[in-house]
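Structure record follows, encoded as structure tokens.
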Amino acid sequence: KNEVEQSPQNLTAQEGEFITINCSYSVGISALHWLQQHPGGGIVSLFMLSSGKKKHGRLIATINIQEKHSSLHITASHPRDSAVYICAARYGNKLVFGAGTILRVKS
Amino acid sequence: DAGITQSPRYKITETGRQVTLMCHQTWSHSYMFWYRQDLGHGLRLIYYSAAADITDKGEVPDGYVVSRSKTENFPLTLESATRSQTSVYFCASSRESNEQFFGPGTRLTVL
């Protein structure tokens, strides 16, 4: 069974802190996706990566294929980063999702 | 330029009734997906479609029916709604092997 594990489940940070969310998957994948879901419910794709590292603004995503592990980093966190962050492993054209990490950034 | 839309956004129905959730995308994406999101389970794939008239089951297809007669539409039907189908339903679309774009979601309550 394809499984995706995320940690931590909940994370509270102070504004300005460096944040890391981790994601592990059980078998070989074609890509790893990071998604963001705000309290209003909308889901936005942040990154799709199959190797190495990608950066967009203050967000950085990395993946280690050999270790079957990906991380999402947020630098200089801000209260507007408060959301649920979800990783998803892509097998063919289907996504298997982690349970999500609830991030709260306090000012 | 609406992108991907879902209707209705909120629906309350009773056990045993048939309900259809609509999904429409304006990008001509070949792939479309239906997910449900529940506390404790995260997002789970119900059905997906690779093109018009091509559909396939996901992780939790029981109790649901889909069709895709046109590329832009992918309706999801609950033939006889049950309380366990109370959930938030998300539709998504993508080009092959690309990031998925999600609709705003439909919150369905089955009484």
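Where strands (runs of 3 or more DSSP E) fall wholly inside segment B:1-94, the ranges with 1 or more residues that are surrounded by fewer than 17 Cβ atoms within 10 Å (Cβ to Cβ), aliphatic (A, V, I, L, M) and more than 13 Å from the chain's Cα centre (by Cα) are B:10-13, B:42-51, B:54-57. When residues in segment A:48-89 are screened for being of a type in the set (S, T, N, Q) and within 14 Å of chain B (Cβ to nearest Cβ), 1 of them pass.
Selection of first residues in segment B:47-58 that are more than 10 Å from chain A (Cβ to nearest Cβ) and of second residues that are loosely packed, with under 14 Cβ neighbours inside 10 Å and hydroxyl-bearing (Ser, Thr, Tyr), restricted to Cβ pairs under 9 Å at least 6 apart or on distinct chains, gives the following pairs, ordered by first then second residue: B:ALA52/B:SER69; B:ASP53/B:SER69.
If you go through segment A:90-107 and pick out every residue that is in a loop (DSSP other than H, G, I, E, B) and either within 14 Å of chain B (Cβ to nearest Cβ) or surrounded by 17 or more Cβ atoms within 10 Å (Cβ to Cβ) (or both), you end up with 5. Based on what the data block shows, is B:PRO75 away from every other protein chain (no Cβ under 14 Å) and closer than 22 Å to B:ILE12 by Cα? So B:PRO75 fits the description; yes. Looking across segment A:1-38, the residues that are hydroxyl-bearing (Ser, Thr, Tyr) and farther than 18 Å from A:SER50 by Cα come down to A:SER7, A:THR12, A:THR20.
Taken together, the values in this text are just the output of simple stated rules run on the coordinates, not laboratory data. Just so you know, these numbers come straight off a predicted model, no measurement behind them. Here the Cβ is made from the backbone with ideal geometry for all residues, glycine too, and neighbour counts use every protein chain on show.
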